[in-house]
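My questions will all concern the structure given below.
The values are calculated or read from the model by the stated rules, or taken from the named source; none is laboratory data. From a predicted model like this one, the values you see are computed outputs, not experimental measurements. Note: ideal-geometry Cβ built from the backbone for every residue, glycine included; neighbour counts use all protein chains shown.
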Amino acid sequence: MGNPCMSEIQFATVLPGAKGFNDGNVNETFRGQILLADGTTVKSAVIKDLDKKQLANELLTSVLARAAALPTPDAYLALVRGSELVVSKAPRLGDGNHLVFASVDVKVPNITFRTKGASPDELKQLLKDIVEWCDLGHLYAFDSWIANIDRHPGNLLFGNKNEIWLIDHGHCFSGPAWQPHDLDPRAEYRNRLSEWLTCHLNQDQKHKRSSEVQKFIKLIADLDLSDCSKKSRIEGLIPANDIAAVEVFLNDRVNDVLVYSNKALGILI
């Protein structure tokens with residue numbers, strides 16, 4: 001694969017004062033400030049306490065999404081010093097500090113939140129905006145490519161057709177605790193978009209999105225996956241053979257993205 005991956009995960013440090021919140025999160029999640037390597041402070045960041053595999057999933061998927069021109073909040077590999085934040089899953093360094101996943105809080109509600117208490121007219125408009133989103137076909141393709149088994153409505157932030165963010169990618173590559181033997185490029189993995197969104201697309205919309213999948217495939221076919229891995233900073237978090245396995249998986253799976261995207265779209269070929 002040729003073209004280099006354009007995005008790179010930056011380092012950060014979690015500042016004192018982060019507070020936990022529960023928005024249906026599976027893992028402990030906090031809001032707080034992080035200090036970037038250049039001295040800039042991100043005043044509102046979402047900080048997640050993840051084990052090594054889910055942390056690697058988040059970091060690599062963030063880089064892949066950016067490389068594929070899909071919107072995802074700026075992500076960081078962040079250091080938690082001492083007892084500044086009580087974490088239980090985050091990898092521990094030799095000096096006793098921990099590493100967590102952090103991303104900019106874009107302050108956009110997820111679809112689950114948007115639907116709570118919405119009137120029928122509001123729900124109708126929300127669904128209309130979602131199915132008309134210009135990158136929807138690319139999202140079907142992306143989730144099929146990376147074997148994301150957890151794109152439920154809470155994992156898609158949606159303000160309007162121009163304010164959309166992909167979040168929560170700890171369950172990509174077939175699941176949160178995948179092993180190399182789980183990565184079969186020919187396998188059909190659960191694509192949850194088919195469960196809650198496909199039913200709202202008519203046949204013309206489905207075929208339009210399928211044509212967008214084909215354009216997306218041409219884009220990802222040119223990515224340098226080794227470069228993406230390096231820029232995601234997952235080396236040292238997970239074993240080298242795991243990294244090699246996921247690179248091979250992504251490379252080989254490109255050929256089947258259209259098949260599995262069409263299945264998720266309800267298109268029979």
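Any idea which of (1) in a loop (DSSP other than H, G, I, E, B); (2) among the basic types (K, R); (3) crowded, with 16+ Cβ neighbours inside 10 Å is the one R114 doesn't satisfy?
(1)
What's the total number of residues in segment 218-241 that are surrounded by 19 or more Cβ atoms within 10 Å (Cβ to Cβ) and either over 22 Å from A78 (Cα atoms) or modelled with pLDDT under 95 (or both)?
Count: 3.
Among the candidates K116, K128, K107, K89, which residue alone is within 18 Å of the chain's Cα centre (by Cα) and charged (D, E, K, R)?
Details: K116 fails: within 18 Å of the chain's Cα centre (by Cα); K128 fails: within 18 Å of the chain's Cα centre (by Cα); K89 fails: within 18 Å of the chain's Cα centre (by Cα).
It is K107.
Which residue out of E8, E58 is assigned to a helix (DSSP H, G or I), among the acidic types (D, E) and within 20 Å of the chain's Cα centre (by Cα)?
One residue alone meets the criteria, E58.
Could you pull out the residue among F173, F158 that is at pLDDT 95 or above, outside the structural domain of D51 (by TED's automatic domain parsing) and on the phi > 0 side of the Ramachandran plot?
None of the other options fit; the residue is F173.
Quickly run through segment 195-210 and pick out the residues that are of a type in the set (D, E) and either touching a Phe, Trp or Tyr at 6+ places or on another chain (Cβ under 9 Å) or exposed (fewer than 12 other Cβ atoms within 10 Å of the Cβ) (or both).
D204
Here's something else I'd like to know. Which of the numbered conditions does V87 fail, given that it passes all the others? Conditions: (1) in contact with a Leu (Cβ under 8 Å, 6 or more places away or on another chain); (2) closer than 30 Å to E235 by Cβ.
(1)
While we're on this one: If D222 satisfies every condition in (1) in contact (Cβ under 8 Å) with a residue 40 or more places away in the chain; (2) in contact with a helix residue (DSSP H, G or I) (Cβ under 9 Å, 6 or more places away or on another chain); (3) within 23 Å of A67 (Cα to Cα) but one, which is the exception?
(2)
With the requirement that a residue be more than 21 Å from the chain's Cα centre (by Cα), within 22 Å of K89 (Cα to Cα) and among the aliphatic types (A, V, I, L, M), what does segment 27-55 give you?
Answer for segment 27-55, where residues must be more than 21 Å from the chain's Cα centre (by Cα), within 22 Å of K89 (Cα to Cα) and among the aliphatic types (A, V, I, L, M): just L35.
Right, L258: touching a strand residue (DSSP E or B) at 6+ places or on another chain (Cβ under 9 Å), part of a helix (DSSP H, G or I), within 21 Å of L139 (Cβ to Cβ) and modelled with pLDDT of 95 or more or not?
no
Next question, about the same structure. Might you check whether a residue that is at pLDDT below 95 and among the hydroxyl-bearing types (S, T, Y) occurs anywhere in segment 7-27?
yes
On to the next question. Please work out which one of (1) outside any helix (DSSP H, G or I); (2) of a type outside the set (F, W, Y); (3) over 28 Å from V104 (Cα atoms) is the condition N191 fails and give its number.
Exception for N191: condition (3).
Specify the residue that is surrounded by the most Cβ atoms within 10 Å (Cβ to Cβ); the eligible residues are those in segment 129-185 that are β-branched (V, I, T) and out of contact with any helix residue (DSSP H, G or I) (no Cβ under 8 Å at 6 or more places or on another chain). If you could, list the steps in order and put the result at the bottom.
Step one: of segment 129-185, the residues β-branched (V, I, T) are 130-131, 146, 149, 164, 167.
Restricting the remaining residues to those that are out of contact with any helix residue (DSSP H, G or I) (no Cβ under 8 Å at 6 or more places or on another chain) gives 149, 164.
Numbers: I149: 18, I164: 23.
Among those that are β-branched (V, I, T) and out of contact with any helix residue (DSSP H, G or I) (no Cβ under 8 Å at 6 or more places or on another chain), it is I164.
Only one of I149, I164, I130 is touching a His at 6+ places or on another chain (Cβ under 9 Å), hydrophobic (A, V, I, L, M, F, W, C) and not in a helix (DSSP H, G or I). Can you tell me which?
Numbers: I164 fails: touching a His at 6+ places or on another chain (Cβ under 9 Å); I130 fails: not in a helix (DSSP H, G or I).
The unique qualifying residue is I149.
Restricting segment 16-74 to residues that are among the β-branched types (V, I, T) and under 20 Å from H98 (Cα atoms), which is surrounded by the most Cβ atoms within 10 Å (Cβ to Cβ)?
I47
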